[in-house]
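The values are calculated or read from the model by the stated rules, or taken from the named source; none is laboratory data. Keep in mind that what you see is a predicted model, and the values were worked out from it rather than measured. FYI the Cβ positions are ideal-geometry reconstructions off the backbone, even for glycines, and counts take in every protein chain you see.
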Amino acid sequence: MGSNAPALKRSESIAESMPEALRQSRYHMKRCFAKYTEKGKRLMKVHHLMKEMEQVIDDKSERTQLLEGLLGYILCTTQEAAVVPPHVAFAVRPSPGFWEYVKVSANDLSVEGISSTDYLKFKEMTMVETWAIDENALEIDFGAMDFSMPHLTLSSSIGNGVGYVSKFLTSKLNNNSPSAQSLVDYLLSLNHQGQNLMINETLNTVPKLQSALIVAETALSSLPKDTPFQSFETRFKEWGFEKGWGDNAERVQDTMHSLSEIFQAPDPLNMDRFFGRLPVIFNVVLLSVHGYFGQSDVLGLPDTGGQVVYVLDQVVALEEELLLRIKQQGLNVKPQILVVTRLIPDAKGTKCNVELEPVMNTKHSHILRVPFTTENGVLRQWVSRFDIYPYLEKFTQDATRKIVEIMEVKPDLIIGNYTDGNLVASLMASKLDTTLGTIAHALEKTKYEDSDIKWKEFDSKYHFSCQFTADLIAMNSADFIITSTYQEIAGSKDRVGQYESHTAFTLPGLHRVVSGINVFDPKFNIASPGADQSVYFPYTDKAKRFTAFRPALEELLFNKVENAQHIGYLEDRKKPIIFSMARLDTVKNITGLTEWYGKNKRLRTLVNLVIVGGFFDPSKSKDREEASEIKKMHELIERYKLKGQIRWIAAQTDRKRNGELYRFVADTKGAFVQPALYEAFGLTVIEAMNCGLPTFATSEGGPAEIIVDGVSGFHVDPNKGEESSDKIADFFVKCKEDNEYWNRISIQGLERINERYTWKIYANKVVNMGCIYSFWRRLYNDEKKAKGRYIHTFYNLQFNNLYRNNDGIRVLVKGYLEEL
Ligand code: UDP
Ligand code: LCN
């Protein structure tokens, strides 16, 4: 479709504009629809639609003309079509988050707008007709519970939830509205271990609080700015003000003024400012259940990747932010953060069998490990994240007890990570009535084509029936959702977002989700992670560099011996290195990169290839995908005779040494390549960029947003190997021609990181979320309760049965128990 293709008129729906578009090319369209329907029922993707159209309209200029018109636009924005002759039902996505469904009759080309429910039924008809026509098929409709909560309306606003909640609060809290009293009640409820904060009962109405604020502000204006709160604490308490407003006269006055402004005429700026200063969060629980969760020697173990890095860095950043805020609030309180994970007795030499462990680089944060138990006792070994569901309910109960015992109060904020952590977090937050944030890292649904409609094909391996259901429960329970990038929520112009794919989908035989999540819900926020800048810093920071690792890195990269640590060798060590590091999952496409390199003679002449990931004996891998990727790596090294140009190094667990490894590669004027078939975010991308290493990263997923192509790095299309490997080769040719080119990309990568991808920016955003959504959930308490009851029913009647009756899981659980 040309860029000047006529878009829909704003006022027109697809259902309204399509008949005219079809009429204009009626002859061709009749033939086209006859072709679409001639094979009977089936599901078609946009490339199928295009291909068959090409077969029907063989004149290229006629085809181009058609594709440049409205019809081309409609076809290009179609995500899929369900063919049930004589009809073809289209799911059209004109822009991120917006969907429209229409059915077209192949007989007379009549067009009718249909609901998402009807579209899903069409889709089911192509596979499981009995379910599609079953009048009692279970339909899940979370949207039915959204009675009054405001929603965004523009695709471009998606992901800026906090900003819009401030705006919505502004209109809701205008003078004399009952919501202004809700704010007073909320302030009255703030306390730390039973001690009031901000105000006490003396100021229990808007007028009383407003007058007291005027008196207090006048008193404060006569004090030196740095007068400590303690000097006027007693007088303020008599007026009804408690601790929490600030640590000195200036800050207290500033906070009070923001509140006075809100009462007078609310505006988003003061709203943001005031909520950001409230003493709401002291005790935080972060749930990250699966994998080996430890601070050393765990990375690269099955199911143990970026999530662990993310959560550990997150704790450090959150604790720093809480300590800063608590000081500024004038309080003398210790924050507590507990990272809750599972205790694995067979810890494989890691500390995953230790119950309580302080988190490094923090003062008050711990990892708490709680074992999985069944009626047979404690489960000793690691369990894949795909098989984990049967253990989670009991784990939630045990962990909740333990958390309250250790914290001695209930947490103020619970944040879940990934499906299992999010499910546990939802159950826990509902039990404790605590504000809930969730983080997906990567939702699995979009990783596999048609994973919903064909769920049965995947279920024995992945148990997606459990996973997608758990994800729905968590995302609907959450008060706010933290995402790493926009694309995670709503995708891009052409690609459906991970959350967006849960808007309407169907698991035939289980349930039809007619409204699963609304990406325009202001609960969605983008807060991208950073990389630990004490570990990942520019290669040019000579004084900071961990030079002690040099000899070991020399050995790791250049020693010609093959051993359990490395295989292959680098004949010409003067060449720059292209480097990649990842778990050996299929989706990481490390084998793809190896093949691109193997096939591209020019690239092979220019650079060496270094891969870090997995290990070398497939028979020793317990992970289903890892074993096959290991085998494939060996085959590729043989097939393309890569020895002499490739070094394959086993998974590395020492972060500091890895930091130095990225810098070592930068010293060779090399590059980092992240070739994943799909990557949710991609921590390695920002680690490399932090080290000043020019980075080529996949155009599929988060990295496409992190890097501005050609400026702060480059995008590579994982599905176009030749084009991608040529792009990398072109870069190295250009570096030879222009001495400054490599440096420019390196510096621009660093600039991009410091503007957007740091933990400081992240922690500030997340604590603000905790503060503002704690009030937001109260304001919409009735709605929240109704949804809570619906979720409770769904969990008990559907989810619980799913994992109990899931044959695949039953066999696995039996297997685990027999090993005991
Ligand atoms: N990593 C590592 N050793 C390895 C492979 C990966 O230390 O052998 C680290 C890597 O530096 C990064 C994380 O594991 O911090 C991987 O995160 P990413 O977001 O790239 O991918 P994920 O594994 O979470 O899918
Ligand atoms: C999981 C993933 O797949 C990565 O893309 C992320 O970077 C990582 O988690 C941390 O969020």
Inset, instruction - Could you check, for the range 345-368, whether at least one of its residues is out of contact with any Leu (no Cβ under 9 Å at 6 or more places or on another chain), under 20 Å from residue 391 (Cβ atoms) and away from ligand 2 (no atom under 16 Å from the Cβ)? - result: yes
Legend entry - Output for the range 566-591, where each listed residue is within 14 Å of ligand 1 (Cβ to nearest atom) and in contact with a Leu (Cβ under 7 Å, 6 or more places away or on another chain): 566, 580, 587, 589, 590
Inset, instruction - Would you please list the contacts, defined by Cβ atoms under 9 Å and residues six or more apart or on different chains, that run from a residue in the range 431-445 that is at negative phi and within 16 Å of ligand 1 (Cβ to nearest atom) to a residue that is among the polar types (S, T, N, Q) and assigned to a strand (DSSP E or B)? - result: 439/417; 439/483; 440/417; 440/483
Inset, instruction - Could you identify the single residue in 654, 623 that is more than 12 Å from ligand 1 (Cβ to nearest atom), among the acidic types (Asp, Glu) and in contact (Cβ under 8 Å) with a residue 60 or more places away in the chain? - result: 623
Inset, instruction - Can you work out which of the residues in the range 682-703 that are of a type in the set (Gly, Ala, Ser) and in contact (Cβ under 8 Å) with a residue 24 or more places away in the chain is farthest from ligand 2 (Cβ to nearest atom)? - result: 692
Inset, instruction - Select from the range 344-375 the residues that are in a strand (DSSP E or B), without any contact (Cβ under 8 Å) to a residue 40 or more places away in the chain and among the aliphatic types (A, V, I, L, M) and list them in ascending order. - result: 368, 370
Inset, instruction - Return the pairs, sorted by first residue and then second, in which the second residue is in a helix (DSSP H, G or I), the first residue lies in the range 302-316 and is within 10 Å of ligand 1 (Cβ to nearest atom), the beta carbons are less than 7 Å apart, and the residues are 6+ apart or on different chains. - result: 303/385; 306/683; 307/418; 309/683; 310/683; 313/759
Legend entry - residue 720, sole failed condition from (1) closer than 21 Å to residue 491 by Cβ; (2) modelled with pLDDT of 95 or more; (3) of a type outside the set (Gly, Ala, Ser); (4) surrounded by 20 or more Cβ atoms within 10 Å (Cβ to Cβ): (4)
Inset, instruction - Pick out the one residue from 356, 379, 392 that is farther than 23 Å from residue 302 by Cβ and at pLDDT 95 or above. - result: 356
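Each row is one residue, and each column tells you yes or no for (1) surrounded by fewer than 24 Cβ atoms within 10 Å (Cβ to Cβ); (2) more than 23 Å from residue 292 (Cβ to Cβ); (3) among the polar types (S, T, N, Q).
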site	(1), (2), (3)
381	yes, no, yes
385	yes, no, no
390	yes, no, no
404	yes, yes, no
408	yes, yes, no
421	no, no, no
440	no, no, no
446	yes, yes, yes
Inset, instruction - Kindly check whether there is at least one residue in the range 412-424 that is away from ligand 2 (no atom under 16 Å from the Cβ), over 17 Å from the mean Cα position of the chain (by Cα) and more than 14 Å from residue 474 (Cα to Cα). - result: yes
Inset, instruction - Using the structure shown, decide if residue 421 is away from ligand 1 (no atom under 16 Å from the Cβ), touching a strand residue (DSSP E or B) at 6+ places or on another chain (Cβ under 7 Å) and small (Gly, Ala, Ser). - result: no
Inset, instruction - Among the residues of the range 452-464, write down those that are away from ligand 2 (no atom under 16 Å from the Cβ) and surrounded by 16 or more Cβ atoms within 10 Å (Cβ to Cβ). - result: 452, 453, 454, 455, 458, 459, 463, 464
Inset, instruction - Could you please find all residues in the range 564-591 being part of a strand (DSSP E or B), under 33 Å from the mean Cα position of the chain (by Cα) and either within 16 Å of ligand 2 (Cβ to nearest atom) or small (Gly, Ala, Ser) (or both)? - result: 580, 581
Legend entry - Subset of the range 630-663 (residues that are closer than 21 Å to residue 569 by Cβ and among the acidic types (Asp, Glu)): 635, 638, 660
Legend entry - All positions within the range 291-320 that are closer than 23 Å to residue 363 by Cα and aliphatic (A, V, I, L, M): 298, 308, 309, 311, 312, 315, 316, 317, 318
Legend entry - From the options 509, 497, residue that is over 22 Å from residue 774 (Cα atoms) and under 14 Å from the mean Cα position of the chain (by Cα): 497
Legend entry - Residue list for the range 296-325, filter: within 16 Å of ligand 2 (Cβ to nearest atom) and assigned to a loop (DSSP other than H, G, I, E, B): 298, 299, 300, 301, 302, 303, 304, 305
Legend entry - Subset of the range 687-717 [surrounded by 22 or more Cβ atoms within 10 Å (Cβ to Cβ), assigned to a loop (DSSP other than H, G, I, E, B) and on the phi > 0 side of the Ramachandran plot]: 692
Inset, instruction - From (1) outside any strand (DSSP E or B); (2) under 27 Å from residue 585 (Cα atoms); (3) among the polar types (S, T, N, Q), pick out the condition that doesn't hold for residue 341. - result: (1)
Legend entry - Residue match in the range 731-750 (condition: at pLDDT 95 or above, in a loop (DSSP other than H, G, I, E, B) and not assigned by the TED database to the domain that holds residue 329): yes
Inset, instruction - Say whether the condition of being assigned to a helix (DSSP H, G or I), more than 23 Å from the chain's Cα centre (by Cα) and either under 24 Å from residue 411 (Cβ atoms) or within 16 Å of ligand 2 (Cβ to nearest atom) (or both) is met by at least one residue in the range 276-295. - result: yes
Inset, instruction - Being small (Gly, Ala, Ser) and over 21 Å from residue 801 (Cβ atoms) is the filter here, so list the residues in the range 441-498 that pass it. - result: 442, 478, 484, 490, 491, 492, 497
Inset, instruction - Would you mention how many residues in the range 199-215 are more than 18 Å from residue 237 (Cβ to Cβ) and either in contact with a Pro (Cβ under 9 Å, 6 or more places away or on another chain) or surrounded by 15 or more Cβ atoms within 10 Å (Cβ to Cβ) (or both)? - result: 2
Legend entry - Flag for residue 144 being hydrophobic (A, V, I, L, M, F, W, C) and assigned to a helix (DSSP H, G or I): yes
Inset, instruction - Would you mind listing the strands (runs of 3 or more DSSP E) fully within the range 25-129 where at least 1 residues are more than 36 Å from the chain's Cα centre (by Cα)? - result: 87-95, 98-105, 111-114
